[in-house]
1. Out of all the residues in segment 66-92, which are in contact with a helix residue (DSSP H, G or I) (Cβ under 8 Å, 6 or more places away or on another chain), assigned to a loop (DSSP other than H, G, I, E, B) and open to solvent by 40 Å² or more (accessible area, probe 1.4 Å)?
2. Starting from segment 76-97, keep only residues that are closer than 22 Å to SER150 by Cα, then list their pairs with residues that are open to solvent by 70 Å² or more (accessible area, probe 1.4 Å) and assigned to a loop (DSSP other than H, G, I, E, B) whose Cβ atoms are within a distance under 8 Å, requiring at least 6 positions of separation or different chains.
3. Those residues that are surrounded by 18 or more Cβ atoms within 10 Å (Cβ to Cβ) and farther than 17 Å from ALA133 by Cα, I need them from segment 38-62; list them, please.
4. Confirm whether PRO123 is open to solvent by 30 Å² or more (accessible area, probe 1.4 Å), touching a Leu at 6+ places or on another chain (Cβ under 7 Å) and at pLDDT 90 or above.
5. Can you name the number of the only condition in (1) open to solvent by 40 Å² or more (accessible area, probe 1.4 Å); (2) at pLDDT below 90; (3) not charged (D, E, K, R) that LEU100 fails?
6. Would you check which residues across segment 159-172 are surrounded by fewer than 18 Cβ atoms within 10 Å (Cβ to Cβ), in contact (Cβ under 8 Å) with a residue 60 or more places away in the chain and in contact with a Leu (Cβ under 9 Å, 6 or more places away or on another chain) and list them?
7. For residues in segment 126-158 being within 22 Å of LEU100 (Cα to Cα) and in a loop (DSSP other than H, G, I, E, B), which is most open to solvent (accessible area, probe 1.4 Å)?
8. Mind checking which residues of segment 145-169 are of a type in the set (Gly, Ala, Ser) and over 17 Å from GLY26 (Cβ atoms)?
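The values are calculated or read from the model by the stated rules, or taken from the named source; none is laboratory data. This is a predicted model, so every value here is computed, not measured. As a convention, Cβ positions derive from the backbone with ideal geometry for all residues, glycine included, and neighbour counts pool all protein chains shown. Surface accessibility is based on the protein's heavy atoms, side chains included, excluding ligands, DNA and RNA. Shrake-Rupley method; radii C 1.70, N 1.55, O 1.52, S 1.80 Å.
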Amino acid sequence: MAESNDVDTRLALDLALTIRHDGQGGVADDLTEPGGLTAWVRGHADLLPGADTFIADAAALAAVRDLRAAVRALFARAVRPGDPSPADAARLLPVPQAVLRLNTAAALAPTVPVLTWDDGAEPVVRQQPSSGAVPLPALLARAALAFLASPDRSRLHACHAPRCVRYFIKEHPRQEWCRPSCGNRARVARHHERHRKSAQAVGD
């Protein structure tokens, strides 16, 4: 089960991180066109069945973008009382709408319980698709639902280093930033702010 949880966490987080800092003070979106979604899915071939032959169209892109908006809204709720990512803090979906959107997408692929019982092991029941391939929005929605209901949710944080808009999973209790480079920027910004206030106090 731990491996399954890791997959769900990575998919949910990576979907949210298709909104990112552009390196020039703004925000970039990796999913502005079908080609961007195709590249993102193919970059997750180890996690998404059929990713190596996936080709996105406008409908798939719209569905995944809608799903991402719901995921980011629920990430913002998960990090409370901390602040959400500044990338979309002013335009988050209402939580009930985000939950409905995830549940609706997850329902696109009906599943059935399947029992396995290997020699020397406990019986295990897993949910498997009842027929055919699972649509991409359903796969992503189910990963997000599993992540949000898992212990990993409590380790989710928004990085508030200057110019960063990422969410991240804390790997240790004292971690404040998503990456060391963000920590460096935050320390430099604090240093400059202290000097500015000191200079202002002297001037007054």
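1. ASP83, LEU92
2. ASP83/HIS160
3. Result: TRP40, LEU61.
4. On the way: open to solvent by 30 Å² or more (accessible area, probe 1.4 Å): yes; touching a Leu at 6+ places or on another chain (Cβ under 7 Å): yes; at pLDDT 90 or above: yes.
So PRO123 passes the test.
5. Of everything listed in (1) open to solvent by 40 Å² or more (accessible area, probe 1.4 Å); (2) at pLDDT below 90; (3) not charged (D, E, K, R), LEU100 misses just condition (2).
6. ILE169
7. ALA149
8. Within segment 145-169, ALA146, ALA149, SER150, SER154, ALA158 meet the criteria.
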